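To start, the structure itself, in structure tokens.
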Amino acid sequence: MMFRNIALLLSAVTATAKSLTSGGIYEINAESQLGNHLLASARKLEGNEDFDNTWVTNYSVKFQGCHHVAQWNEEADGDEDVRIQTKRLVRFRLCPSGSCESTSAAGCKSGYGDYIIDMNIFVEAWLQAEMQDKEQTCENAANNCDCDEADDRDTCEYNCYINQGLDYCANLEEAEDFDVQNYLECGQYQGDNNNNNGVEYYVGPYCAKQGGAIFLGLFTDDTCTTFADSNGGTSTFMNTFGSSLPYSSDSIVGYDCKSCMEPQDANEQNNGDAADEDEVRELCETIYENGGKCESGLSVQYRNEAACQFIEGVKIIRQDGVIETSSSRSSTTATVFIVLFAIAFALLGGYVYYLKTKLDRAKINLSSE
């Protein structure tokens, strides 16, 4: 009877421990469908593909962080190609413009939607919006400088910009030596004098500061997975090219709230975006249509919640910014059951030894008779 009870306990503990250690894998491990399902392009609902997205104009974009996901590189065909590449994602939130706070990490506490998107798409759209904002700011500043009748209009506007703390306006039209747009999707970098000593280097964005910032790094592979050194490639860049890598310590993406409403004076500013019929800013159109959506908190007619499980899973990240799924974390409950399993196994072994000893003694007694 005792043997039977221990056996039943052992079976129950084994089954329970197995379910606890494997239960969370399916809902988190979705990398293989990331591009096909969670990052679906557009908010298409059954029978309603031509949806009205003008409601977005009342919201602002708030960058919340970035994450790394390791996935198989399907394009790897050589011995030197990286087999496991890094997929980089950005999580952002659409907050009501009236309650969006740039100083708050969350942006807002209610009435929001959460989204996840490929980092390259987000960063490119964000940088374009940044440039549009700067152009609009500089134009507004120039209109208030009263330099139309100045002897040297350029000098007058330059001094006007400096006095207003708008140093970038003075150099806005000058060509930059380093165009970050060329490296948003991991581009090869050779420098001005091709002084890379025959080594192929690549520059691309990556998650830094535990997912709280997006920096540029120097890599040795065309998927921007392997850093050139332990400092994000910055030391190698300095030693090889003789200068600091731009955006290697300042985040490409800021923490301010960007309104999804087109600027009021946008007729010649938004790269043609103001020519369309809606009032949704191009930044928001791009990232909304290409993002996985969790709109449980929105008060809109059609809410898309297809990516809620995945977004919930990517909250857990390690210090290096890599996603750590819930199934890979230590579980207190699972640990308890494993300990019970070990105790039950020890008890079973002891009971078997007890039975064997008892049978041996019985054989000795029978032999002596």
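Taking only protein heavy atoms and a 1.4 Å probe, what accessible area per residue, in Å², does the stretch 109-238 have with all protein chains in place?
Heavy-atom SASA per residue in the stretch 109-238 reads 54 Å².
Given the convex hull of the Cα atoms of the stretch 102-164, what is a quarter of its surface area in nm²?
Working: hull surface 27.0 nm².
If you wrap the Cα atoms of the stretch 102-164 in a convex hull and average its projections, you get 6.8 nm².
Taking a 21 Å limit on the Cα-Cα distance, which of the listed pairs LYS209/LYS293; LYS87/LYS258; LYS62/LYS209; LYS258/LYS293 fall beyond it?
LYS209/LYS293; LYS87/LYS258
Give me the mean projected area, in nm² to one decimal, of the convex hull enclosing the Cα positions of the stretch 114-253.
Dividing the Cα hull surface by four gives the mean projection, 10.8 nm².
The values are calculated or read from the model by the stated rules, or taken from the named source; none is laboratory data. For clarity, every value in this text was computed on a predicted model and none was experimentally measured. For accessibility, only protein heavy atoms count, side chains too; no ligands or nucleic acids. Shrake-Rupley method; radii C 1.70, N 1.55, O 1.52, S 1.80 Å.
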